[in-house]
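The values are calculated or read from the model by the stated rules, or taken from the named source; none is laboratory data. Note that the coordinates shown come from a computational prediction; the quantities given were computed from them, not determined experimentally. Here the Cβ positions follow ideal geometry from the backbone for every residue, glycine too, while neighbour counts run over all protein chains shown.
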Amino acid sequence: MEKRITTPLTESVVESLKAGDKVLITGYIYTARDAAHKRMVEAIERGEAPPFDLRGQIIYYVGPTPPKPGQVIGSAGPTTSIRMDKYVEPLLKLGLKGMIGKGYRSPHVKELLKQYRAVYFAAVGGVATLLAKCIKSSELIAYEDLGTEAIRRLYVEDFPVVVANDIYGGDVFEEGRKKFAKIDI
């Protein structure tokens with residue numbers, strides 16, 4: 001069974017999510033990759049506000065390709081999340097509640113998710129065109145000079161993800177490895 005959630009994320013929604021849950025997200029999410037994260041965190045460290053209010057929000061680790069005529073957005077598949085791990089804590093401190101990407105997170109980030117009560121969602125890589133069909137609008141909001149890595153505000157409908165890490169320490173990647181290790185081949 002899939003859970004349907006809307007953004008911004010509330011405490012009760014975050015509490016209801018467990019590693020392995022299949023989730024469909026509807027609402028606004030924000031895009032940011034390495035360069036945008038670096039710039040945001042540097043601004044926060046200088047005492048400046050980030051380019052959008054992080055409270056309850058989800059950041060999608062994606063650098064979408066430019067749209068073709070008639071499209072809202074081009075290909076929009078997730079990028080490897082662990083590259084953003086060094087930028088996570090300042091964003092969580094300001095209220096970020098979710099991240100979407102590809103692959104596992106470091107032990108440190110998993111502890112931060114428990115501490116700040118946030119979740120990490122995994123999106124399926126390799127289906128970028130299909131994921132783009134769930135994106136209904138795209139608005140550039142910051143760092144236009146970064147091109148595809150600029151921060152965008154996306155409106156998504158039924159965007160499919162899996163809860164990879166929850167606030168309880170659940171980790172879908174570790175659980176999967178343990179199950180696989182028990183299989184006799």
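List of remarks:
- Residues that are over 14 Å from Thr80 (Cβ atoms) and either part of a loop (DSSP other than H, G, I, E, B) or of a type outside the set (S, T, N, Q) (or both), drawn from the range 104-120: Pro107, His108, Lys110, Glu111, Leu112, Leu113, Lys114, Tyr116, Arg117, Ala118, Val119
Conditions (1) out of contact with any Leu (no Cβ under 9 Å at 6 or more places or on another chain); (2) at pLDDT 95 or above, marked per residue:
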site: Val13; (1), (2): yes, yes
site: Ser16; (1), (2): yes, yes
site: Lys22; (1), (2): yes, yes
site: Ala36; (1), (2): no, yes
site: Arg46; (1), (2): yes, yes
site: Pro50; (1), (2): no, yes
site: Asp53; (1), (2): no, yes
site: Ile58; (1), (2): no, yes
site: Gly63; (1), (2): no, no
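- Residue that is surrounded by the most Cβ atoms within 10 Å (Cβ to Cβ) [pool: residues in the range 20-37 that are out of contact with any helix residue (DSSP H, G or I) (no Cβ under 7 Å at 6 or more places or on another chain) and of a type in the set (D, E, K, R)]: Asp21
- Odd one out for Gly20, checked against (1) assigned to a helix (DSSP H, G or I); (2) closer than 28 Å to Glu175 by Cβ; (3) small (Gly, Ala, Ser): (1)
- Options Ser81, Ser137, Ser106: the member that is under 20 Å from Thr6 (Cα atoms) and either without any contact (Cβ under 8 Å) to a residue 40 or more places away in the chain or of a type outside the set (A, V, I, L, M) (or both): Ser137
- Near pairs, Cβ below 8 angstrom, 6+ apart or cross-chain, from the range 34-45 (more than 12 Å from Lys86 (Cβ to Cβ)) to any residue that is modelled with pLDDT under 95 and surrounded by 16 or more Cβ atoms within 10 Å (Cβ to Cβ): Ala35/Glu149; Ala36/Glu149
- Residue in the range 90-98 that is of a type in the set (Gly, Ala, Ser) and assigned to a loop (DSSP other than H, G, I, E, B) present: yes
- Of all the criteria given as (1) touching a strand residue (DSSP E or B) at 6+ places or on another chain (Cβ under 8 Å); (2) outside any loop (DSSP other than H, G, I, E, B); (3) within 22 Å of Pro51 (Cα to Cα), the one not satisfied by Pro78 is (2).
- In this structure, Glu48 does satisfy being surrounded by fewer than 17 Cβ atoms within 10 Å (Cβ to Cβ) and without any contact (Cβ under 8 Å) to a residue 60 or more places away in the chain.
- Count of the range 121-145 residues, restricted to those that are part of a strand (DSSP E or B) and crowded, with 18+ Cβ neighbours inside 10 Å, is 5.
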